[in-house]
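In what follows, a structure is listed as structure tokens, so that the remarks can point back to it.
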Amino acid sequence: MISDIASHAMLVAVLACFAAACAAPPLLTRLGTVLGGRLLALLPLILLGVLLSGFGAEVAAGGAVVQSLAWIPGLSVSASFLFDGLSMLMAVLVLGIGVLILTFAASYLDGDDRAPRFFAYLMSFMGAMLGLVLSDNLLLLFVFWELTSVTSFLLIGYDHEDEKARKSAFQGLFVTVAGGLVMLAGIIVLAEMAGSYELSVILAGEDLHAAPGAGLALALIAIGCFTKSAQFPFHFWLPNAMAAPTPVSAYLHSATMVKAGVYLLARLHPVLGEHAHWFWWLVPAGSVTMLLGAVLAFRSSGLKRVLAYTTVMALGTLTLLLGLGEAGAAVSFLLAHALYKGALFLVAGIVTHESGAKDIRDANGLARHMPVTAVAALIAAASAAGLPPLFGFIGKELLMEAGQHGPVLVRVMALLAGALVAAMVATLVLRVFFSGDGRANPKAAHEAPWSMLAGPVVLGIGTVLFGLFPGLATDSMLAAAAKAAGEEGKFYLALWHGFNMALLMSTVSLLIAVGLFLGWPAMQRRFAAWTVPERFGAEAGYGRLLDGILGIASLQTRLLQSGYLRYYVMTLLLVLLTLTGGTLLARTGIIVPAGADFGSYGVPAVMAAIILAAGMAALRTRTALKAVLALGALGFGVALVFLWYSAPDLAITQVMIETLTTILLVLVLFRMPRFRRLSTVAERARDVVIAVSVGALMTALVWMVIGGRQFPSIASWFLERSVAEGYGRNVVNVILVDFRALDTLGEIFVLALAAVGVYALLRGPAMLESERSKP
Amino acid sequence: MKTSMLLRVGAQLLLPLLMVLSVYLLVRGHNHPGGGFIGGLVASAAIALHLFAVDIRSARGVLRADPRTLLGAGLLIALVAAVMGPLAGGAVFEGLWLDVNLPVVGKTHIGTPLLFDIGVYLVVIGAVLTMALTLAEVEG
């Protein structure tokens with residue numbers, strides 16, 4: 001048993017997160033948000049310890065661990081997990097930052113009575129994200145991919161009474177899930193090419209990029225990744241996702257989930273990176289996103305909005321680096337960004353929580369009140385701006401270095417984007433913390449508790465440590481991650497590369513940044529007054545797309561939904577006539593088999609006469625009640641037929657159904673007026689033609705079915721096995737509850753749904769009314 | 001609404017008989033005409049008759065439970081019958097049987113199909129009466 005768990009450690013780790021999600025609401029309700037949240041934070045810490053102690057050494061040395069459990073073998077879906085350098089880097093981010101976020105959120109959300117729900121969502125997200133980065137099976141990866149979209153939806157819409165939050169949540173879900181479906185198509189193409197859904201098998205295969213279909217797979221997967229990682233033109237959902245509480249923005253929408261697209265691209269870089277289209281998909285999208293994100297950040301002034309746009313810039317940079325084939329640079333930049341951006345988001349959360357300010361222009365001089373936060377913010381901002389000796393400097397050097405291998409245009413774009421972002425983070429931190437006297441804040445500011453400081457401080461220590469000793473990062477994770485992402489040769493990082501082109505570009509970029517920083521207040525106003533992005537940008541396009549979908553929906557509703565029951569019935573019957581009757585005439589012709597055996601003819605003829613007479617009576621009568629009774633009589637006539645041909649179960653059921661239907665109809669029709677003639681003679685003639693044709697069609701069908709049996713009947717199989725295997729002599733019942741029980745289960749669910757539907761139709765309006773009249 | 005005394009008394013006399021009949025039909029269903037579906041319909045008809053002859057309140061009283069609860073309970077029982085097979089290491093809906101010696105009936109088999117049929121029985125009663133009682137209440 002113990003060895004079983006060890007050999008499925010990754011599956012257990014993922015499931016543990018989901019189990020914790022289920023346990024979170026009662027835990028938090030019982031223990032309170034602070035204690036319950038901190039307890040939950042222990043789980044990712046433990047999981048991190050287990051995974052690293054179990055596989056860390058092997059993976060850091062360049063190995064990989066695969067654990068597999070058959071799940072749906074028929075569809076090639078297995079619960080298989082892969083732990084290599086890239087998975088390890090991502091898992092460390094998901095779990096490590098997860099610990100800090102949970103600790104932070106426990107204090108941040110103290111006093112919010114929706115906190116139990118929040119932690120349930122957040123733990124589910126953690127499970128989904130961990131599953132995503134550990135999946136070996138691509139279909140499993142897809143499932144987790146969509147689960148992260150769903151949990152992100154729930155978290156963005158956390159404040160569900162706010163219409164803007166709901167809209168943003170839906171927008172994020174719509175964009176990422178639509179992209180996910182495109183990616184699924186790409187995954188299928190890729191797996192068909194490679195002959196396996198297992199990443200470990202696909203990565204081991206050579207020359208996939210040369211196979212036919214590789215271009216299609218690349219295109220589809222790239223689109224999916226672009227939506228998830230907020231690449232232009234899908235970038236607009238990410239800033240809107242800031243409607244979520246700050247810990248969510250720091251965790252999902254900066255450090256982990258939005259990196260899923262980049263992760264998958266890095267994952268597939270070794271097999272698809274050589275493809276001719278790789279560059280042309282990733283580099284334009286990445287560089288445009290990079291520059292656009294930086295520009296949009298520069299013209300914003302909301303704390304979280306600025307950070308969101310700089311995240312868009314960073315995601316563009318990652319895509320660009322992968323597009324240029326710089327896998328090592330990409331994974332290093334990814335780690336650097338997660339460290340400083342996670343810290344900056346948490347700082348923004350602290351600022352809003354402790355001083356009430358949500359905009360750069362609302363806060364000032366906060367360093368006097370919160371010195372620890374200010375130092376952590378300064379370190380993170382310096383790293384983001386690319387100042388030595390921090391880890392962000394190395395990341396930026398790598399970007400500039402990589403730019404040397406790309407087109408000149410890309411080099412210029414990288415320089416400008418770097419300058420804009422550096423100016424913006426400087427604005428953010430210097431204006432909020434170090435300028436002004438700290439008196440004009442929305443509320444009296446004070447330092448945050450240790451649990452909220454832990455996040456920025458730990459991430460800041462990481463930034464400094466990895467910056468001073470880059471070997472720490474490469475030896476433990478980045479070298480293995482770079483190798484897994486397709487970096488050839490030995491990968492290493494250094495703080496000092498000597499005087500070279502990259503250093504020169506960094507310096508120029510920083511000089512421009514100083515100018516931009518000084519001019520920000522005036523330039524921001526002018527930039528913000530420029531409304532072209534709002535009017536013609538991608539988000540406006542998204543709005544028009546949604547309007548278009550709604551327009552088409554209402555158009556086809558007006559066309560198809562008349563609202564009259566008689567037209568619906570007529571449509572159904574005409575479709576039946578056209579499709580079934582048409583097929584019958586076109587394909588086979590109506591074959592009337594000779595000699596269908598009815599036994600003796602006397603009694604059936606009498607029963608047929610009764611049925612016909614009842615049917616005619618139903619047609620002729622002028623009151624609803626009589627019509628219902630006549631139809632009931634018709635049903636009893638049919639029951640007689642069943643009885644005559646020895647089907648007692650069927651006959652009893654028919655009798656009961658007729659009785660109950662009559663009762664139900666009487667309840668409905670009791671107060672109906674006498675029938676009046678509302679339709680014209682022509683309409684009635686048309687109805688007669690349709691009715692008689694459908695009747696004739698059904699008769700012909702039944703006749704053909706009885707006479708034209710093509711295969712031996714299955715009845716004998718049931719009869720033989722009924723007593724032997726079903727222990728029942730009533731074969732009808734044995735079929736219903738044993739042999740074909742699954743069908744019966746479906747039927748009783750339909751029955752229950754119908755009852756609920758009737759209840760909702762009859763009670764719904766009254767319930768809505770009483771809901772509205774409540775104060 | 002005043003109904004005829006004959007109908008009222010007749011319905012009250014018939015109700016227990018019909019309910020017993022419905023359970024009888026349910027239990028014998030595996031070997032003779034009957035079963036959960038038919039049994040459920042008989043029970044529903046009995047209560048519907050009561051509804052007509054007496055009134056809605058009294059018809060609801062017969063059940064003691066809300067028909068919607070029966071609906072849910074029936075589905076749950078049917079699902080339990082479905083997953084007992086896999087829990088015992090077999091396939092979904094694989095019948096599990098016990099040989100028992102009951103006092104009156106004698107030696108017989110009791111198995112998950114009977115449990116499933118009980119689920120069907122409850123769903124049928126729940127569905128029909130949810131519709132009938134709601135309709136009657138809205139009309140009345």
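The values are calculated or read from the model by the stated rules, or taken from the named source; none is laboratory data. All figures in this text were calculated on a predicted structure; none of them were measured in a lab. Because the Cβ atoms are built from the backbone with ideal geometry, glycine has one as well, and the counts that use them run over all protein chains shown. In case anyone asks, the SASA skips ligands and DNA or RNA and just uses the protein heavy atoms, side chains included. Shrake-Rupley method; radii C 1.70, N 1.55, O 1.52, S 1.80 Å.
Would you check which residues across region A:102-118 are in contact with a Ser or Thr (Cβ under 8 Å, 6 or more places away or on another chain), in a loop (DSSP other than H, G, I, E, B) and either at pLDDT 90 or above or of a type outside the set (Gly, Ala, Ser) (or both) and list them? Scanning region A:102-118 gives A:109, A:110, A:112. Among all positions in region B:41-50, there is at least one residue which is farther than 25 Å from residue A:750 by Cα, open to solvent by less than 20 Å² (accessible area, probe 1.4 Å) and either in contact (Cβ under 8 Å) with a residue 24 or more places away in the chain or more than 9 Å from chain A (Cβ to nearest Cβ) (or both). You will find that of B:78, B:136, the residue that is open to solvent by less than 20 Å² (accessible area, probe 1.4 Å) and either more than 8 Å from chain A (Cβ to nearest Cβ) or free of Cβ contacts under 8 Å to residues at least 60 places away in the same chain (or both) is B:78 and no other. Residues of region A:289-312 that are under 24 Å from the mean Cα position of the chain (by Cα) and over 22 Å from residue A:268 (Cα atoms): A:293, A:304, A:305, A:307, A:308, A:309, A:310, A:311. Taken together, A:673, A:648 contain a single residue that is within 14 Å of chain B (Cβ to nearest Cβ) and more than 49 Å from the chain's Cα centre (by Cα), which is A:648. Out of A:605, A:594, one residue alone is more than 14 Å from chain B (Cβ to nearest Cβ), at pLDDT 85 or above and open to solvent by 40 Å² or more (accessible area, probe 1.4 Å). It is A:605. Taking (1) open to solvent by less than 40 Å² (accessible area, probe 1.4 Å); (2) farther than 21 Å from residue A:608 by Cβ in turn, residue A:716 satisfies each apart from (1). Can you work out which of the residues in region B:27-40 that are part of a helix (DSSP H, G or I) and surrounded by fewer than 24 Cβ atoms within 10 Å (Cβ to Cβ) is farthest from the other protein chains (Cβ to nearest Cβ)? The selected residue is B:27. Kindly establish whether residue A:340 is within 30 Å of residue A:518 (Cβ to Cβ), open to solvent by 10 Å² or more (accessible area, probe 1.4 Å), under 24 Å from the mean Cα position of the chain (by Cα) and at pLDDT below 95. The answer is no for residue A:340.
Scanning region A:104-148 for residues that are hydroxyl-bearing (Ser, Thr, Tyr) and either out of contact with any helix residue (DSSP H, G or I) (no Cβ under 9 Å at 6 or more places or on another chain) or open to solvent by less than 10 Å² (accessible area, probe 1.4 Å) (or both) yields a count of 2. Among all positions in region A:497-514, there is no residue which is at pLDDT 85 or above, surrounded by 17 or more Cβ atoms within 10 Å (Cβ to Cβ) and within 30 Å of residue A:178 (Cβ to Cβ). Exactly one residue out of A:556, A:524 is open to solvent by less than 70 Å² (accessible area, probe 1.4 Å), assigned to a helix (DSSP H, G or I) and either at pLDDT below 85 or more than 30 Å from residue A:469 (Cα to Cα) (or both): that is A:524. Looking across region A:604-641, the residues that are under 52 Å from the mean Cα position of the chain (by Cα) and more than 25 Å from residue A:685 (Cα to Cα) come down to A:632, A:635, A:638, A:639. For residue B:14, the conditions (1) part of a helix (DSSP H, G or I); (2) more than 14 Å from residue B:121 (Cα to Cα); (3) within 10 Å of chain A (Cβ to nearest Cβ); (4) open to solvent by 50 Å² or more (accessible area, probe 1.4 Å) are fulfilled apart from (3). Checked against the criterion of being at the interface with chain B (Cβ under 7 Å from one of its Cβ atoms), in a helix (DSSP H, G or I), open to solvent by 30 Å² or more (accessible area, probe 1.4 Å) and touching an Asp or Glu at 6+ places or on another chain (Cβ under 9 Å), region A:737-756 has no qualifying residue. Would you say residue B:83 is more than 10 Å from every other protein chain (Cβ to nearest Cβ) and either loosely packed, with under 15 Cβ neighbours inside 10 Å or touching a Leu at 6+ places or on another chain (Cβ under 9 Å) (or both)? Criteria met by residue B:83. For residue A:641, the conditions (1) under 17 Å from residue B:33 (Cβ atoms); (2) of a type outside the set (Asp, Glu); (3) buried (at least 18 other Cβ atoms within 10 Å of the Cβ); (4) within 10 Å of chain B (Cβ to nearest Cβ) are fulfilled apart from (4).
Screening residue A:207 with (1) of a type outside the set (Gly, Ala, Ser); (2) touching a residue at least 12 places away in the same chain (Cβ under 8 Å); (3) out of contact with any strand residue (DSSP E or B) (no Cβ under 9 Å at 6 or more places or on another chain) gives one miss only, at (2).
The condition of being open to solvent by 30 Å² or more (accessible area, probe 1.4 Å), within 9 Å of another protein chain (Cβ to nearest Cβ) and in contact with a helix residue (DSSP H, G or I) (Cβ under 6 Å, 6 or more places away or on another chain) holds for only one of B:120, B:62, B:92, B:124, that being B:92. Residue count for region A:613-635 under the criterion of being within 28 Å of residue B:29 (Cβ to Cβ) and either surrounded by fewer than 17 Cβ atoms within 10 Å (Cβ to Cβ) or within 14 Å of another protein chain (Cβ to nearest Cβ) (or both): the result is 2.
Condition test on residue A:704, is it open to solvent by 90 Å² or more (accessible area, probe 1.4 Å) and either free of Cβ contacts under 8 Å to residues at least 60 places away in the same chain or more than 12 Å from chain B (Cβ to nearest Cβ) (or both)? Answer is no for this residue. Just one of the numbered conditions (1) modelled with pLDDT of 90 or more; (2) open to solvent by 20 Å² or more (accessible area, probe 1.4 Å); (3) farther than 22 Å from residue A:250 by Cα; (4) not β-branched (Val, Ile, Thr) is not true of residue A:388: (1). Taken over region A:149-179, the residue count meeting the criterion of being open to solvent by less than 10 Å² (accessible area, probe 1.4 Å) and more than 17 Å from residue A:243 (Cα to Cα) is 1.
Sort through A:203, A:184 and tell me the only one that's modelled with pLDDT of 95 or more and either closer than 17 Å to residue A:135 by Cβ or surrounded by 17 or more Cβ atoms within 10 Å (Cβ to Cβ) (or both). It is A:184.
Every test in (1) out of contact with any helix residue (DSSP H, G or I) (no Cβ under 7 Å at 6 or more places or on another chain); (2) basic (Lys, Arg); (3) outside any helix (DSSP H, G or I) is passed by residue A:729 save one, and that test is (1). Among the residues making up region A:51-90, a single one is surrounded by fewer than 17 Cβ atoms within 10 Å (Cβ to Cβ), under 28 Å from residue A:101 (Cβ atoms) and touching a helix residue (DSSP H, G or I) at 6+ places or on another chain (Cβ under 7 Å): A:54.
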